[in-house]
Amino acid sequence: EDIKTYGTSLVIALLFRAFIAEPRYIPSLSMFPTFDVGDQLAVEKVSHYFRPFERTDVIVFHPPESFYDYSTRNKKEALIKRVVAVEGDLVQIKNGRLILNGQRQEEKYLFEKAEYDWGPRVIPQGFVMVLGDNRNHSLDSHIWGFLPVENVIGRAVFKYWPPWRVGFVEN
């Protein structure tokens, strides 16, 4: 009887992790100050099937092949970044500031403004542009290109560790 209960519980937990939500660990400072090294968070994997990605969503994804031209990271590792532009947007980084469709964006979540200029470029259909909140220390779309939406695992929704940083992920 106990084995049946444990087996059923294990199957339910594995299905939940595979299809609904999963835990993630932050290994770098590319998303600082939103996330610090060692933060743990929950990533929900369902909403992107019903609701398109929006600017400021924080997402976890498998990097595109072009990422590996700039990194030797394990191909099984996922990344976490913020969506800054969606398909059809004209995006540019000028004087360290993000400009979308001709409008300078207020990005209160940034650690510091970018020390580079980039673009302007239009985001193609089926892609998003993702950048780290720590712009000058993030290997992201301004280096390796746009992210295909099919590479997205899910949205980061809740920080649960460490206890003093518990809370919903700000968009």
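For the reader, a short list of remarks on this structure follows.
- In the structure shown, the pairs K81/K108; K45/K108; K45/K81; K45/K76; K4/K76; K45/K159 are assessed against 22 Å; a Cα-Cα span above that value is assigned to K45/K108; K4/K76.
- The ellipsoid that matches the Cα gyration tensor of the stretch 80-121 has semi-axes, each √(5λ) in whole angstrom, of 16, 13, 10, with the longest given first.
- Note on the chain: Rg/Rh from C-alpha atoms, Kirkwood Rh, equals 1.02.
- Ligands, DNA and RNA left out, the accessible area of the stretch 61-171 computed with a 1.4 Å probe is 51% carbon and sulfur.
- Summing charges over all other residues whose Cβ lies under 10 Å from the Cβ of L139, with Lys and Arg as +1 and Asp and Glu as -1, gives +1.
- A 1.4 Å probe run over the stretch 1-105, with the rest of the protein chains in place, finds 60 Å² accessible per residue.
- The stretch 76-171: Cα Rg divided by the 2.2 N^0.38 Å rule of thumb: 1.12
- Mean residue ellipticity at 222 nm, helices only, the chain: -4000 deg cm²/dmol; runs of at least 4 DSSP H residues each add -39,500 (n - 2.57), and the sum is divided by the number of residues.
The values are calculated or read from the model by the stated rules, or taken from the named source; none is laboratory data. Just so we're clear, the structure is a prediction, and the values are computed from it rather than from any experiment. Cβ: placed from backbone, ideal geometry, glycine included. Neighbour counts: every protein chain shown. All accessible areas refer to the heavy atoms of the entire protein, side chains included, with ligands and DNA or RNA removed. Shrake-Rupley method; radii C 1.70, N 1.55, O 1.52, S 1.80 Å.
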